[in-house]
Amino acid sequence: MGFWAKVGCTVGLHDWSDFKYRAEGSCEQARFCKRDGCTKVDVTTTHAWNEWVAVSHKPCFETQTCARCGKNDHRFNHLWSEWQYEAPQSCVQVRHCRRCDEGNEQQLPVNNAQHDVMPDDWKRVDCHNSTAYCRRCKLPLTMRGLIAIHRWPASQGGRTEVRCADCGELRT
Ligand SMILES: [Zn+2]
Ligand SMILES: [Zn+2]
Ligand SMILES: [Zn+2]
Ligand SMILES: [Zn+2]
Ligand SMILES: [Zn+2]
């Protein structure tokens, strides 16, 4: 094997053959490095999926079969309604399948943006944190500000060090 070819193989740049099925009725394909002295084999599985088909007695349930190896796959394909709040005073959203009883999903609020809170609702707790109540579900929310809001004394009174009245941080 030539020097540069050998370097190619050591850094993973092999001279690959085409992918070939390893056996009849199997979807495993393999390719080989064509260079002398390199035994690298690369294996991949590619199924020849037929179309998804609905299962008649189970609404929303679909299956597909591989035309080559017979492998089965399945999925639910629900006909979802829009997301809606589960109740006027809840921030939990729900949606239901319009076609079957099995399709039910729930989404809990995971951040403040999913609650109903206005910028003016936030009240300062300390230099870093604010709190507010969600207008819809009434839960207390907290927010850590990206920028600290310190309370510097109105007058320095001749001091050279100025510290926040709340947290004692030194003004720089
Ligand atoms: Zn190789
Ligand atoms: Zn297959
Ligand atoms: Zn459904
Ligand atoms: Zn809320
Ligand atoms: Zn402070």
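Which value, in debye to the nearest 20, describes the size of the charge dipole of the stretch 18-88 about its Cα centre when Lys and Arg Cβ atoms bear +1, Asp and Glu Cβ atoms bear -1, and nothing else is charged? Before the final figure, lay out the partial values.
Values: 10 positive and 10 negative charges, 102 e Å.
Magnitude of the dipole: close to 500 debye.
Over the chain, how many pairs of lysines fall under 30 Å by alpha carbon, counting only those 8 or more apart in sequence or from different chains?
9
Placing +1 at every Lys and Arg Cβ and -1 at every Asp and Glu Cβ, with all other atoms neutral, what dipole size does the stretch 3-45 have around its Cα centre, in debye to the nearest 20?
Details: 7 positive and 6 negative charges, 32 e Å.
For the stretch 3-45, the charge dipole is close to 160 debye.
Going toward the positive end of the dipole of the chain, with +1 on Lys and Arg Cβ and -1 on Asp and Glu Cβ, which of Cys27, Gly8, Ala154 do you reach last?
Looking along the dipole axis, the top candidate is Ala154.
Suppose every K and R has +1 on its Cβ and every D and E has -1 on its Cβ; what is the size of the dipole of the stretch 1-152 about the Cα centre, in Debye to the nearest 20?
Details: 21 positive and 18 negative charges, 82 e Å.
Magnitude of the dipole: close to 400 debye.
Return the single residue from Thr131, Thr65, Thr160 with maximal mean-square fluctuation; model: Gaussian network over the chain, springs between Cα atoms under 10 Å.
Looking only at Thr131, Thr65, Thr160, the biggest GNM fluctuation is shown by Thr160.
Distance between Cα centroids, the stretch 58-84 to the stretch 14-50: provide it in whole Å.
Cα centroid to Cα centroid, the span is 30 Å.
Tell me, what HN-Hα J-couplings in whole Hz come from the Karplus equation 6.51 cos²θ - 1.76 cosθ + 1.60 at θ = phi - 60° for each residue of the stretch 70-87, using x for Gly and Pro?
Working through the residues one at a time gives x, 4, 10, 9, 9, 7, 9, 10, 7, 9, 6, 6, 5, 5, 9, 5, 5, 7 Hz.
Bear in mind these aren't lab numbers, they're just calculated from the coordinates by the rules spelled out. In this text, all values refer to a predicted model and were calculated from it rather than measured experimentally. Because the Cβ atoms are built from the backbone with ideal geometry, glycine has one as well, and the counts that use them run over all protein chains shown.
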